[in-house]
Each structure stands twice: as C-alpha cells, then as structure tokens.
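A.B. asks: Structure below; questions to follow.
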Amino acid sequence: MFKDIKIAVDKQLKQMSKNELFKVDIDKDALWNLYLDSFPEGTNEIYRERREYDCSCCRSFIKNIGNVVSIIDGKMVSIWDVTTGISKFDIVCDILSEKIKSCSISGIYRSEDRKVGTDYNMETKWIKNKQNKSLRNDIHLNINTTNTKWAGLLLGAYSQI
C-alpha cells in the first residue's frame, strides 16, 4: 500500500534532518517523470485520465522535496534510500535514489512550509467514503516538518545558495 512509502520516507527524512539538508541540481519535471516512469509495467495503470500515482499531491511533494539529500558519514543520503517491503515501491525508490545521488549538490535546502504533502486526495477520500471501497490509493506523501531542523528556521535568515 502507498502508505508504506509515505511512512518510510517520513522516517528517512526525520533521520536525515539530524544533519544539514541539501538540494541537488535536477530538473523538477524530469524528477517527476522519472518517478512516474519508474513503476514496473502494470503497477501504475491509468485511472480515469492519468496513471494511478499521477496526482497533484504526489507531484507537489516530489517537486518540493524529492531532491533533498544529506551527508552522513561522508556519504550522500537521499530521502529515497528506503525500503518498504513492497517491490513496486522499492524499485521506484531505488531508481529515484540512484538518480538523485548522481546529481551535484546545488545548495542548502530550506522550506517556508511546516508540512509538505498531504495524507489523502479529497476526491479519492470522497470515493472511498461514498462507495466504502478504495478505487485508488488515498494515502499520499505527507511529511510533517514541525520537528525537523530546517522547518524551525526563521524565514529569510538563510538564503539559498
């Protein structure tokens, strides 16, 4: 279930936040398309008009924080360095991690938002409640940044490099 990737990325980001967070130089649209194209064949099928995991909530999350890394014990660590135990998500995370770690660090990561992502998409929540079954995963990437090092920074105190 998609909830597993959300939990794994949340845990990874909290661990990484004990160190400085950086961003890597990658086109955000290219990263989003890599995410969509990384799902194994048959695991990201069309739902109405778009693929199952092609929603604005996930797109926003990946474009806002998908390029975040940290340096731990001299090695670059990505938010995608996770395992979920679910093959299709582990494959996606491995591909994203490899791509992110092949990019150069472009600066320190800072965010004005206390939270990135959301727990659910309103349309899919309504469908699930209305029909009492899920037609599409309604858990989306949501990371509460309240306790992370970079979330508490005063706005404007640090500029991006």
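A.B. asks: Please go through segment 1-15 and give me each residue that is part of a helix (DSSP H, G or I) and surrounded by fewer than 20 Cβ atoms within 10 Å (Cβ to Cβ), ordered by number.
C.D. replies: At the first step, the residues of segment 1-15 found to be part of a helix (DSSP H, G or I) are 2-15.
PHE2, LYS3, ASP4, ILE7, ASP10, LYS11, LYS14, GLN15, listed by residue number.
A.B. asks: If you don't mind, there's one more thing I want to ask. Could you go through segment 8-18 and let me know if any residue there is polar (S, T, N, Q), in contact (Cβ under 8 Å) with a residue 60 or more places away in the chain and closer than 16 Å to ILE108 by Cβ.
C.D. replies: Scanning segment 8-18, I find at least one residue that is polar (S, T, N, Q), in contact (Cβ under 8 Å) with a residue 60 or more places away in the chain and closer than 16 Å to ILE108 by Cβ, so the answer is yes.
A.B. asks: For ASP81, all conditions in the list (1) among the acidic types (Asp, Glu); (2) assigned to a helix (DSSP H, G or I); (3) under 16 Å from VAL9 (Cβ atoms) hold save one; what is the number of the exception?
C.D. replies: (2)
A.B. asks: Out of segment 64-75, which residues are more than 13 Å from SER17 (Cα to Cα) and either assigned to a helix (DSSP H, G or I) or touching a strand residue (DSSP E or B) at 6+ places or on another chain (Cβ under 7 Å) (or both)?
C.D. replies: ASN64, ASN67
A.B. asks: Restricting attention to segment 36-55, which residues are without any contact (Cβ under 8 Å) to a residue 60 or more places away in the chain and either surrounded by 17 or more Cβ atoms within 10 Å (Cβ to Cβ) or within 15 Å of VAL92 (Cβ to Cβ) (or both)?
C.D. replies: Scanning segment 36-55 gives LEU36, ASP37, SER38, PHE39, PRO40, GLU41, GLY42, THR43, ASN44, GLU45, ARG51, ASP54.
A.B. asks: From the set of residues in segment 56-98 that are among the hydroxyl-bearing types (Ser, Thr, Tyr) and within 12 Å of the chain's Cα centre (by Cα), which is surrounded by the most Cβ atoms within 10 Å (Cβ to Cβ)?
C.D. replies: SER78
Residues are listed down the side, and each one gets a yes or a no for (1) modelled with pLDDT under 95; (2) in a strand (DSSP E or B); (3) hydrophobic (A, V, I, L, M, F, W, C):
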site	(1), (2), (3)
LYS18	yes, no, no
ASP37	yes, no, no
GLY42	yes, no, no
ASP54	yes, no, no
ILE62	yes, no, yes
SER97	no, no, no
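A.B. asks: Condition (residue is in contact with a helix residue (DSSP H, G or I) (Cβ under 9 Å, 6 or more places away or on another chain), aromatic (Phe, Trp, Tyr) and without any contact (Cβ under 8 Å) to a residue 40 or more places away in the chain) applied to segment 64-86: is it met by at least one residue?
C.D. replies: no
The values are calculated or read from the model by the stated rules, or taken from the named source; none is laboratory data. Please read these numbers as outputs of a predicted model, since none were measured by experiment. Every residue, glycine among them, receives a Cβ derived from its backbone with ideal geometry; neighbour counts consider all protein chains shown.
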